[in-house]
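Right, one structure below, let's go through it.
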Amino acid sequence: MKNRQSECIGSRLFGIETEYGILVEGRGAADLMEESRLLVQAYPGPWAGPWDYQAENPRRDMRGYTVDHLNYDREDARYDREGPGSHLSSQEQRADHALVNGARLYNDHGHPEYATPECRTLRQIVAHDRAGERIVHECARLRMEATGREVRIFKNNSDLHGMSYGCHEGYLVARTVPFESLLYGMLPFLVTRILYAGAGKTGVETDGPLREECQFQLSQRADFFEEIASVDTLARRPLFNTRDEAHADSRHYRRLHVICGDANLSQFATALKVGTTSLVLSLIESGWEPLFRLRDPVTAIKKLSRDPSFRWVLELEDGRTMRATDLQRIYLRDAQKLLAGADADTDWVLREWERVLNDLEQDYTLTEDRLDWVAKRRLLETFIESEGIWWEDPTLRSLDLEYHNVDPVEGLYYALEEAGQMVQVAGEEEIAAALTEPPANTRAALRGDLIRRFTPDITRVSWGRVALKEDARARWVPLPAEFGADPALTLSGQLQSAKTVAEAIAVLTGDSGDEDVPDQG
Amino acid sequence: MFPIKGEERIQRPVPQDPITRPGSDDGPKAPNVKRPDPSDLLKRMRRVDPDQAKRYRQRSGE
């Protein structure tokens, strides 16, 4: 029997990267590269940088090749050539901040982006995702204080005028899993998980034959997918991103970079989204393969998202039709058979996954205390009824946006939470701790400890390694992805006992450090 | 062993019908959730600038 430890949610590293929307009084889209950078630079706590981009190559494709260039939005390219920050270097524009809680805060194409530290449990990921909302909001508050201009931050994925920005998830996956198994195993699942992971949106933003009347749809992002699989993320977005950046030892791991998800405010939706995805990956790692494929996944996610009947029927490649909830139940059924009892998070996901699917089929409003799209839709329906307006009223778009405002005094999601109407997963103490403390059982604990104690000696930082300066030399120290998976490993304790940079290097490398760090061009 | 062998996969029957429960064929029924007093939420929603979305323009992100 395979060791159950390797099948449970806790055996996998995962994280969430959220690009926030930003609205600054008196400023337009062309100014957002600068505004986002200045917002990140307002971060008041200790941090380290710059980021080590030599360890990354977003043009490398899982299928074994590297593309010449990534597609880019033409209008954004013009902003970058002519905008206020065009004289700055890429490093200056990005303003990378590696934080003491192990997270990364930076300016990504004009959006403040918060990438959680690596997590192993659902409570950790929920607490750190929520900590990110608070950190970005605090930066906005400080910018308002400094400039006198109002700054609003939205955790959503669309400006409702045709521009989208992402909330990506990263899952470490065994390198031994063939690309085709990942692709065909994940696609039907990713398309249909918007049933519970969608954040909801008023209207449709893209033209085409599917642009039927749609007052409200399940997903923020569904409108923006044009390909089944590709390495691109900024234009011609794929459902399945083939970027091959493990952020770990690529001989042993891939990182599945999920770009087709929505940013969730609901803690429950965040936990269920990450939990179900991790379990499906465990199925695929075990050799499981689905016996079905969607006929046209790109069209399917749009139809599913916009279906006004809530019957959610999809076409399969073999000509059959199947409800999306039933397709999800196939994944659920096999996960129950193969993974039940692996750990507490796994059992929570299996139980809540089934309950959500049952509720969605019986009466979707039963899920309004857990799912963002349902909570938002119900809010808007309440307003429509109260004010005697129609779905076409443009005020609803502003309310849609306000659902995602991360200001706890203004945001409509937070109003629901304040009223006790949303299920909570992480407690206030866990969220407050996540502002400054990394998950103790992941390599983020090593990164966070180094940043907390040796910031002046850090010359570069990334997910998988940190460059530490000892005397005149900078040396890499690795942050192993396996750290924390085995409780017997006590590297963190040893690191905490290191009093000097030299001792920290010795603890993390076993000797005097890896090769010298060359200058970053 | 945990992995499903290829042969088992091939022999495993493909469901001819979706896994549905009796009476679930027509989609969700009419809402039946008791809702709390919405007056506070409505007050907050009425405070929202109705033109906010018109001004909200972003760069394309990832």
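A short reminder: the numbers here are calculations on the coordinates, not readings from a lab. Treat the numbers as computed from the prediction; the structure is a model and nothing was measured. Positions of Cβ are generated from backbone atoms using ideal geometry, with glycine treated the same way; all protein chains shown enter the neighbour counts.
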Bins of 5 Å from zero: percent of alpha-carbon pairs in segment A:372-461: 3, 11, 15, 16, 11, 9, 10, 9, 7, 5, 3, 1, 0
Cα centroid separation - segment A:438-507 against segment A:144-198, whole Å: 29
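Antiparallel versus total DSSP beta bridges in segment A:201-336: what percent is that, nearest 5?
Values: 6 of 10 bridges.
Among the beta bridges of segment A:201-336, antiparallel pairing accounts for roughly 60 percent.
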Links that overshoot a 25 Å alpha carbon limit, given the list A:K337/A:K376; A:K273/A:K302; A:K155/A:K469: A:K337/A:K376; A:K155/A:K469
Residue mean of other protein chain beta carbons inside 10 Å, B:38-47: 6
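May I ask you to sort A:H257, A:H69 by Cβ crowding, counting other Cβ atoms within 10 Å and putting the fewest first? The partial results should precede the final answer.
Numbers: A:H257 23, A:H69 7.
If I rank by nearby Cβ atoms, fewest first, I get A:H69, A:H257.
Output needed for segment A:315-436: three equivalent-ellipsoid semi-axes, defined as square roots of 5 times the C-alpha gyration tensor eigenvalues, in descending order, whole Å.
Three semi-axes, in Å: 31, 24, 12.
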Fewest-first sequence of A:Y72, B:Y56 by Cβ atoms within 10 Å of each Cβ: A:Y72, B:Y56
The protein assembly as shown - mean residue ellipticity at 222 nm from DSSP helices (-39,500 (n - 2.57) per run, n ≥ 4, rounded to 500): -11000 deg cm²/dmol
Cα extents of segment A:227-326 along the three principal axes, largest first (Å): 45, 34, 29
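Would you calculate the convex hull of the Cα atoms in segment A:133-206 and tell me its volume per residue in Å³?
Numbers: hull volume 11.8 nm³, N = 74.
Normalising the Cα hull of segment A:133-206 by residue number yields 159 Å³.
What is the projected area of the convex hull of the Cα atoms of chain A, averaged over all directions, in nm²? Walk me through the numbers before you get to the answer.
Values: hull surface 97.7 nm².
Taking the Cα atoms of chain A, their convex hull projects to 24.4 nm² on average.
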Largest to smallest principal axis extent of the C-alpha atoms in segment A:320-366, angstrom: 31, 28, 9
Label-point gap, in nm, between A:D68 and A:I228 - each point 7 angstrom along Cα→Cβ: 2.6
Cα Rg, Dmax (largest Cα-Cα span) when computed across segment A:112-235, Å: 17.6, 54
Taking the convex hull of Cα positions in segment A:405-513, its mean projected area over all directions (nm²): 9.0
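Cut-off is 10 Å between beta-carbons; in what order do A:C167, A:C139 appear when sorted fewest neighbours first? Mind dumping the intermediate values first?
Details: A:C167 29, A:C139 25.
Least to most surrounded, the residues fall as A:C139, A:C167.
Regarding segment A:4-148, what's the average projected area of the Cα-atom convex hull, expressed in nm²? List each step's numbers first, then the result.
Numbers: hull surface 43.8 nm².
Average of the hull's projected areas for segment A:4-148 equals 11.0 nm².
First measure r as the distance between the Cβ atoms of A:V313 and A:R355, then evaluate 1/(1 + (r/R0)^6) with R0 = 22 Å and state the FRET efficiency to the nearest 0.05. Walk me through the numbers on the way to the answer.
Working: r = 22 Å, r/R0 = 1.00.
With R0 = 22 Å, the Cβ-Cβ based efficiency is 0.50.
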